[in-house]
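Enquirer: This is the structure I want to talk about, given as structure tokens.
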Amino acid sequence: MSAALFTHVERLFPICRSITGPGLRETLDYIGREIPLSRHEVPTGARVLDWEVPEEWAPRGATLSTLGGRKVLDFADSNLHLLQYSLPFDGVVPIAELQRHLHSLPDQPDLIPYRTAYFSRTWGLSLPHRLRETLTDSAYRVRIDASLRPGSLSYGECVLHGEERGEVLVSAHCCHPSLANDNLSGIAVAIEWAKAIAARQRRRFTWRFLFAPGTIGAICWLARNPDARARIRHGVVLACVGDGGPFHWKRTRRGDTATDRIAAHVLRHDDPANALIPFDPWGYDERQYNSPGFDLPVGRLSRALHGQFPEYHTSADNLDLVRPEHLSRSLRVLRAMEAVIEEDAQYRNTQPYGEPQLGRRGLYDATGFDRMALLWVLNGSDGEASLLDIAERAGLPFDEVQKAARAAQAAGLLVPINTAGSA
Ligand code: ZN
């Protein structure tokens, strides 16, 4: 499992993605070979909510050279060297003018920064600050081979239908070039999570995995799904889930949705170092899903927080930062959330007057579940409380209570109460 997760990151890493263009399509092609994916193209100029779909950007190459022909930097070595949405350019540039088009990080002089200029119609190059400091000639040659012209924005959805009407939205942005944690970790985990959900024997909810460029892609999806509010019961944005830090659940705008409660439960039992953070209108696409007009129950799972880890948006967010075991732990936590989302249910104790005699039913010394969990589930199953309610009250993880409930049901001590779509 962890090997498959990391393979996705490795394969996708070299591709120069952006919010539109061939790298984004190549990424969706890859995802579509792993899981069933329906593809959508939204044409340049289309009005989407308050936005407009931009022109399509296709980068092909970029070099900075001395006038003597020595290459200073090459897009072929790192696609971070080219400012995203850079205009094409070919010419000799005096050093003073060149400096206005260069991006570097004086505090992290060995790293190439990831920079975008989606709406500013300029050209630019990124480079390590140490390399920038060696530029002492009076002029350099810049060659940027890229096109910016009408086309379309691409996104993909993997929809796995369930028995009930509600949906679970899982959203991963896929617009960053060679950055591993911020972008590819979420895509890799979403791919394997979708495979696991596709393999479930039954699905209560429809699960919708959305792979779209950040901000504008989520806005395109929302513009085309005006009924999202009525359908979506739970949602998770995945971002930065490949590093080894504790988990952070960023709450939904409402803060107290069923999804928030489930995430809090799972993270608390995974590791006390995990943390819940309040909603703010910043970050990844939770900003769009939680805009007041939609107000969807979509939170975000991250480990490192964007902007707060030193590798963020630099060439150090690479295949050394993301580890297979970190990816698989992220998937494990999400699958624990999935178990509650899909399987939380209410039961009624068939022997509620005094404790039922467990020994006679072979449950007193039975293995495979915790005896306290059994006592809690019998005591808690009054027809109102769900397994999650009981688990929370008992201070036990959901799966322990669920295992005990299965044993009690098999012994005839619990019967399920037929309820639909508690969210
Ligand atoms: Zn980012």
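The values are calculated or read from the model by the stated rules, or taken from the named source; none is laboratory data. Here the structure is a predicted model, which means the values were calculated and not measured. All Cβ positions, glycine included, derive from the backbone under ideal geometry; neighbour counts span all protein chains shown. Side chains are part of the model used for accessible areas, which takes the heavy atoms of the whole protein and leaves out ligands, DNA and RNA. Shrake-Rupley method; radii C 1.70, N 1.55, O 1.52, S 1.80 Å.
Enquirer: Determine whether the range 9-28 contains at least one residue that is more than 26 Å from residue 321 (Cβ to Cβ), touching a residue at least 60 places away in the same chain (Cβ under 8 Å) and open to solvent by less than 40 Å² (accessible area, probe 1.4 Å).
Expert: Yes, that holds for at least one residue.
Enquirer: Given (1) more than 30 Å from residue 234 (Cα to Cα); (2) of a type outside the set (Ser, Thr, Tyr); (3) touching a helix residue (DSSP H, G or I) at 6+ places or on another chain (Cβ under 8 Å), identify the lone condition not met by residue 322.
Expert: (1)
Enquirer: May I ask you to list the residues in the range 21-39 that are assigned to a loop (DSSP other than H, G, I, E, B) and in contact with a Phe, Trp or Tyr (Cβ under 6 Å, 6 or more places away or on another chain)?
Expert: Answer for the range 21-39, where residues must be assigned to a loop (DSSP other than H, G, I, E, B) and in contact with a Phe, Trp or Tyr (Cβ under 6 Å, 6 or more places away or on another chain): just 21.
Enquirer: Look through 304, 408, 404 and report the one residue that is of a type in the set (Gly, Ala, Ser), over 22 Å from residue 205 (Cα atoms), crowded, with 19+ Cβ neighbours inside 10 Å and at pLDDT below 95.
Expert: Of the residues listed, the single one that is of a type in the set (Gly, Ala, Ser), over 22 Å from residue 205 (Cα atoms), crowded, with 19+ Cβ neighbours inside 10 Å and at pLDDT below 95 is 304.
Enquirer: Follow-up question, since we're still on this one. Could you grab me the full set of residues in the range 292-341 that are without any contact (Cβ under 8 Å) to a residue 24 or more places away in the chain and either part of a loop (DSSP other than H, G, I, E, B) or over 23 Å from residue 401 (Cβ atoms) (or both)?
Expert: Correct list: 293, 307, 308, 320.
Enquirer: If you check every pair at least six apart or on different chains, which have Cβ atoms under 8 Å apart with a residue in the range 241-258 that is assigned by TED's automatic domain parsing to the domain that holds residue 8 and free of Cβ contacts under 8 Å to residues at least 40 places away in the same chain first and a residue that is surrounded by fewer than 20 Cβ atoms within 10 Å (Cβ to Cβ) and of a type outside the set (A, V, I, L, M) second?
Expert: 255/278; 255/279
Enquirer: Out of the range 307-317, which residues are within 13 Å of the ligand (Cβ to nearest atom), open to solvent by 40 Å² or more (accessible area, probe 1.4 Å) and not hydroxyl-bearing (Ser, Thr, Tyr)?
Expert: Within the range 307-317, 307, 308, 311, 313 meet the criteria.
Enquirer: Moving to a separate point now. Go through (1) touching a strand residue (DSSP E or B) at 6+ places or on another chain (Cβ under 8 Å); (2) open to solvent by 60 Å² or more (accessible area, probe 1.4 Å) for residue 365 and report which single condition fails.
Expert: (1)
Enquirer: Still on this structure, please answer the following. Quick check, is residue 289 of a type in the set (Ser, Thr, Tyr), outside the structural domain of residue 391 (by TED's automatic domain parsing) and away from the ligand (no atom under 16 Å from the Cβ)?
Expert: Criteria met by residue 289.
Enquirer: So in the range 198-213, with the set limited to residues that are of a type outside the set (A, V, I, L, M, F, W, C) and in contact with a strand residue (DSSP E or B) (Cβ under 8 Å, 6 or more places away or on another chain), which one is nearest to the ligand (Cβ to nearest atom)?
Expert: 213
Enquirer: A follow-up question, please. Considering only the range 214-225, I want to know if a residue exists there that is more than 14 Å from the ligand (Cβ to nearest atom), touching a Lys or Arg at 6+ places or on another chain (Cβ under 9 Å) and not basic (Lys, Arg).
Expert: yes
Enquirer: Please pick out the residue among 236, 241 that is away from the ligand (no atom under 16 Å from the Cβ) and open to solvent by less than 10 Å² (accessible area, probe 1.4 Å).
Expert: Residue meeting the stated conditions: 236.
Enquirer: Further question on the same structure: Any residue in the range 176-195 that is without any contact (Cβ under 8 Å) to a residue 60 or more places away in the chain and within 13 Å of residue 11 (Cα to Cα) sitting within a Cβ distance under 8 Å of a residue that is open to solvent by 10 Å² or more (accessible area, probe 1.4 Å) and within 16 Å of the ligand (Cβ to nearest atom)? List the pairs, counting only those 6 or more apart or interchain.
Expert: Correct list of pairs: empty, since none qualify.
Enquirer: Give the residue, chosen from 320, 260, 270, that is away from the ligand (no atom under 16 Å from the Cβ), farther than 28 Å from residue 113 by Cα and open to solvent by 10 Å² or more (accessible area, probe 1.4 Å). Even if it seems obvious, please write down each step before you answer.
Expert: On the way: 320 fails: farther than 28 Å from residue 113 by Cα; 260 fails: open to solvent by 10 Å² or more (accessible area, probe 1.4 Å).
Going through 320, 260, 270 in turn, just one is away from the ligand (no atom under 16 Å from the Cβ), farther than 28 Å from residue 113 by Cα and open to solvent by 10 Å² or more (accessible area, probe 1.4 Å): 270.
Enquirer: Within the group 161, 173, which residue is loosely packed, with under 13 Cβ neighbours inside 10 Å and closer than 30 Å to residue 196 by Cα?
Expert: 161
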